[in-house]
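Here is the structure we will look at, set down as structure tokens.
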Amino acid sequence: MDFNLPEELQILKETVRRFVEKELIPLEREFRPEGEEMPERLLKPLQEKAKAIGLWLLDVPEEYGGAGLGLLPRCVIAEELFRTVAVPFRSNEIFGPEVRAVLFHCNEEQKQRFLTPVLKGEMKVCFAQTEPDAGSDPASMRTRAVRDGDYFILNGTKRFITGAGRADFAQVMAVTDPEKRARGGVTCFMVDMKSPGVLLERQWPTMMGDAPWQIVFENVKVPAANVIGDVGGGFSLAQKWITEGRIRGHGARCLGIAGRALDMMIDYSHHRVTFGRPLADRQAVQFMVADSAMELHACRLMVYECAWRHDQGEDVRNLSYMVKVMATEMVGRVVDRSIQVHGGVGLTKDLPLEWWYRQVRSIRITEGATEVLRWRLAQNLMRTQRQD
């Protein structure tokens with residue numbers, strides 16, 4: 001069994017790290033996003049440099065002009081990219097326009113209306129699933145869509161929707177069959193944000209600096225031609241995309257953040273002298289370094305294995321739960337230790353630690369709270385053993 005990354009992925013990892021260290025980390029003092037997108041004056045030059053070295057449309061299939069990378073290569077890239085705080089935490093267009101994977105399930109006509117404009121950067125799309133009473137339990141969503149001839153009439157509320165204020169369309173998950181619900185009763189709709197009855201009701205400012213939206217839909221007429229995939233098939237599409245997000249966006253992202261926080265902890269402990277000796281000589285600091293290194297190593301193995309198995313076509317639902325829980329809790333501890341080692345300076349905005357500290361607290365909640373995932377994992381494991 002070979003635990004080393006294949007040579008081509010090692011080269012990719014080194015390429016992205018050089019890009020991050022040369023192009024992005026030097027921008028951190030100038031741009032540390034608090035929810036806003038990267039300004040064009042910074043984004044465009046970075047995109048051109050990314051294109052020049054082949055880092056473009058990484059998760060887009062080759063048939064649409066993308067690199068068509070599997071999940072493991074994308075995790076390797078994410079780990080390196082998120083070593084910097086110069087990248088907006090919830091959106092990244094340095095390597096090309098953000099494409100919600102649900103769009104790849106468009107039919108041919110829909111691809112011309114939705115997918116192609118997104119790939120060209122001419123259209124922005126947000127994803128709307130979470131509701132006031134259906135966060136970690138999306139199957140209990142109340143937003144309804146009722147068929148009326150060639151249209152569906154949409155009513156409901158979505159909350160904590162990132163990017164809704166600048167989106168042209170929203171991918172809205174709504175119940176079309178209250179009896180089936182998550183088992184064939186939830187449908188994905190492309191909803192024009194300019195449609196009558198669509199209301200951006202309010203924003204929710206957060207400790208992370210961003211302010212996701214609450215959207216209200218009041219008798220919104222959505223053409224039946226705007227259903228993505230099959231009627232009733234929306235829940236499975238969303239869960240597949242969210243599963244990948246847990247592995248890359250929560251798992252691999254946390255590896256990058258924790259890796260740099262650990263590097264900073266070690267470097268500072270060598271240079272900071274107290275009571276005549278460097279912090280690196282203090283056993284309390286050594287223990288924090290050792291614990292951080294062990295936890296990071298364990299999580300990296302979990303992320304890479306899960307991503308690899310996903311690329312082999314295996315069902316990684318349970319593994320993705322483990323990755324999300326372990327990685328998001330690990331990164332919080334490592335960043336916290338790094339702040340502690342840095343002391344007062346760790347609390348300042350001169351360093352990226354305080355920014356990470358606020359951001360990583362959120363990902364133990366988003367896209368499935370860790371308590372819920374533990375519960376689901378236990379249910380799955382216990383059900384399997386009972387069947388055996």
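The values are calculated or read from the model by the stated rules, or taken from the named source; none is laboratory data. Note that this is a predicted model, so its numbers are computed, not measured. Cβ placement follows ideal geometry from the backbone for every residue including glycine, while neighbour counts extend to all protein chains displayed. Note: areas computed on protein heavy atoms with side chains; ligands, DNA, RNA excluded. Shrake-Rupley method; radii C 1.70, N 1.55, O 1.52, S 1.80 Å.
Of the strands (runs of 3 or more DSSP E) contained entirely in segment 109-183, those carrying at least 2 residues that are aromatic (Phe, Trp, Tyr) fall at 151-161.
Every residue in segment 249-274 that is open to solvent by 20 Å² or more (accessible area, probe 1.4 Å) and either modelled with pLDDT under 95 or assigned to a strand (DSSP E or B) (or both), please. Give the derivation first.
Of segment 249-274, the ones open to solvent by 20 Å² or more (accessible area, probe 1.4 Å) are 253, 260, 263-264, 266-268, 270-274.
Matches in segment 249-274: Val273, Thr274.
Looking only at residues of segment 85-97 that are open to solvent by less than 10 Å² (accessible area, probe 1.4 Å) and touching a Lys or Arg at 6+ places or on another chain (Cβ under 8 Å), we find that the one that is nearest to Lys124 (Cα to Cα) is Ala86. For Val231, the conditions (1) part of a loop (DSSP other than H, G, I, E, B); (2) in contact with a Ser or Thr (Cβ under 7 Å, 6 or more places away or on another chain); (3) touching a residue at least 60 places away in the same chain (Cβ under 8 Å) are fulfilled apart from (3). Screening Leu72 with (1) of a type in the set (A, V, I, L, M, F, W, C); (2) closer than 20 Å to Lys124 by Cβ; (3) outside any loop (DSSP other than H, G, I, E, B) gives one miss only, at (2). Going by what's in this entry, would Phe217 be described as open to solvent by less than 20 Å² (accessible area, probe 1.4 Å) and either over 18 Å from the mean Cα position of the chain (by Cα) or free of Cβ contacts under 8 Å to residues at least 60 places away in the same chain (or both)? Yes: the conditions hold for Phe217. Among the residues of segment 59-69, those identified as open to solvent by 20 Å² or more (accessible area, probe 1.4 Å) and either touching a Ser or Thr at 6+ places or on another chain (Cβ under 6 Å) or assigned to a loop (DSSP other than H, G, I, E, B) (or both) are Asp59, Pro61, Gly65, Ala67, Gly68, Leu69.
Among the candidates Arg386, Arg364, which residue alone is open to solvent by 40 Å² or more (accessible area, probe 1.4 Å), among the charged types (D, E, K, R) and in a helix (DSSP H, G or I)? Let's see the steps before the verdict.
Values: Arg364 fails: in a helix (DSSP H, G or I).
Only one candidate passes the filter, namely Arg386.
For segment 285-302, the tally of residues that are free of Cβ contacts under 8 Å to residues at least 12 places away in the same chain and open to solvent by less than 70 Å² (accessible area, probe 1.4 Å) stands at 1.
Looking at Gly313, Gly346, just one residue is without any contact (Cβ under 8 Å) to a residue 40 or more places away in the chain and at positive phi, and that residue is Gly313.
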